[in-house]
Amino acid sequence: PEAITVGELANRMAERGADLVKALFKMGSPVTLTQTIDQDTAELLVTEFGHRIKRVSESDIDIQSTEDVDAPETLQPRPPVVTIMGHVDHGKTSLLDALRGTDVATGEAGGITQHIGAYQVTVKDGSKITFLDTPGHEAFSEMRARGANITDIVVLVVAADDGLRPQTIEAINHTKAAGVPMIVAINKIDKPEAKPQKVREELLQHEVIVEDMGGDVQDVEVSALKKTNLDALIEKIQLQAELLELRANPDRDAEGTVVEAKLDKGRGPVATILVGRGTLRVGDVFVVGAESGKVRALIDDKGRNVKEAGPSTPVEVLGISGVPGAGDPLTVVENEARAREVAAYRAGVIQQKRTTAAPASLESMFSALR
Ligand code: GTP
Ligand code: MG
């Protein structure tokens with residue numbers, strides 16, 4: 001039978017890896033996220049977590065959440081979600097600022113990104129691109145580990161005067177592990193000591209082969225400072241996005257992911273949500289992580305109040321019971337009673353109740369699967 005790692009299974013189920021590990025432990029199989037489990041155990045877990053399983057073939061487990069899957073005719077094109085990654089100080093925030101035509105970096109404490117920013121840029125042809133800025137790689141892997149695989153494309157920023165550095169290499173590894181296509185932005189090309197060709201050679205050593213060197217990874221020399229070649233970068237993102245044929249159903253209850261969340265003195269808990277599918281509206285009742293609420297206000301990335309936010313749109317949500325965690329899923333539900341129920345479930349209340357009574361039923365399920 002085919003094996004799958006616990007982490008990968010959690011990803012496909014959009015559940016927390018830690019919850020799977022806990023459940024497995026209770027079943028008498030102490031394993032870690034990176035260890036593999038066999039297909040029978042995987043199926044058992046899937047059922048246990050209330051998902052439906054579809055075995056496409058012996059080697060491919062495809063998991064769907066019970067209510068889920070949008071019919072093909074409901075799908076409409078959506079903007080790509082692009083995560084900017086790279087080593088400290090290589091110019092991620094500057095590049096994003098240049099792309100936005102604004103200047104957030106100078107407003108940040110010490111010019112270091114303290115959080116993940118999420119912004120949507122409308123480019124010349126009117127199409128949109130959603131950008132996520134990361135403070136290093138941690139947020140990315142954290143979100144991936146929690147099943148929030150929300151990035152379509154990674155833009156890897158490498159400073160041409162500094163070359164590949166530890167966090168560049170980690171970003172490469174995370175991107176490969178996530179199976180996300182990468183575009184390399186060789187930045188700071190304005191500097192006299194810039195050596196873009198050396199960057200390409202170093203990339204080669206990490207099996208990132210750019211087009212010039214016979215590979216299929218797109219690269220582009222840019223200067224965030226001088227705003228050089230930004231159009232070319234945008235074109236490459238659009239080209240890559242076209243290949244991915246990104247689609248989502250905007251006409252359903254919204255689902256999204258927490259990009260960042262905080263307790264705001266004046267406004268209470270605030271979460272930046274990236275809408276995955278559906279449309280989030282003021283007045284919607286929702287569950288987010290172990291919290292719940294009703295959308296009191298939606299604020300877009302330009303600070304404007306909006307009434308709704310569709311697929312791939314980042315939006316600040318007000319009206320949450322508490323502060324959810326980064327990577328937590330947001331789901332719109334039919335009413336507040338249901339929201340509290342699901343939130344309680346996610347908080348582990350129901351989970352715990354079930355695991356106390358579990359051994360006997362798990363045992364019988366296990367044998368039934370054989
Ligand atoms: P962290 O968020 O701390 O990881 O850094 P970052 O990757 O977001 O880098 P940031 O945009 O803050 O830029 C770091 C420094 O590099 C700043 O002093 C920028 O002004 C400078 N810088 C960024 N892009 C360029 C560029 O294209 N050319 C030159 N000469 N300097 C740049
Ligand atoms: Mg930054």
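The values are calculated or read from the model by the stated rules, or taken from the named source; none is laboratory data. As the structure is a prediction and not an experimental result, all values here were calculated from the model. Counting neighbours? That spans all protein chains shown, and the Cβs are built from the backbone with ideal geometry, glycine included. Only protein heavy atoms, including side chains, enter the accessible area calculation; ligands, DNA and RNA are left aside. Shrake-Rupley method; radii C 1.70, N 1.55, O 1.52, S 1.80 Å.
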Within-10-Å neighbourhood charge of Val123 [Cβ basis; K, R +1; D, E -1]:
-1
So if each residue of separation counts as 0.36 nm, and I subtract the Cα-Cα distance between Ala347 and Thr32, what length gain in nm does that give?
111.2 nm
Show Val270, Val342, Val88 ordered by accessible area, largest first, where the area counts protein heavy atoms only and the probe is 1.4 Å.
Val88, Val342, Val270
Keeping all protein chains in place and using 1.4 angstrom, which order do Asp219, Asp162 fall into by accessible surface area, from largest down?
Asp162, Asp219
On the accessible surface of region 193-325, probed at 1.4 Å, how many percent belong to carbon and sulfur atoms?
47
Could you compute how much accessible surface Ser321 exposes when probed at 1.4 Å, giving the result in Å² to the nearest 10?
80
Please list Lys302, Lys124 in order of solvent-accessible area, largest first, computed with a 1.4 Å probe with all protein chains present.
Lys124, Lys302
Between beta-carbons, use under 12 Å as the cut-off and find the net charge around Arg267, counting Lys and Arg +1, Asp and Glu -1.
+1
Mind ordering 288-296, 39-47 by average Cβ neighbours within 10 Å, highest first?
288-296, 39-47
Considering Cα pairs under 8 angstrom that are at least six residues apart, work out the relative contact order of region 171-328 and quote it in whole percent.
18
Leaving out ligands, DNA and RNA but keeping every protein chain, what accessible area does Phe49 have, in Å² rounded to the nearest 10, with a 1.4 Å probe?
10
Partner lysines whose C-alpha sits under 30 Å from that of Lys124, ignoring same-chain residues fewer than 8 away, are Lys92, Lys188, Lys191, Lys226, Lys227, Lys236, Lys302, Lys307
Got a sec? Which residues in region 262-293 would a label at Arg100 touch, if it sits 7 Å along Cα→Cβ and we count backbone N under 19 Å?
262-264, 270-275
With all protein chains in place and a 1.4 Å probe, Asp125 shows an accessible area in Å² (nearest 10) of 110
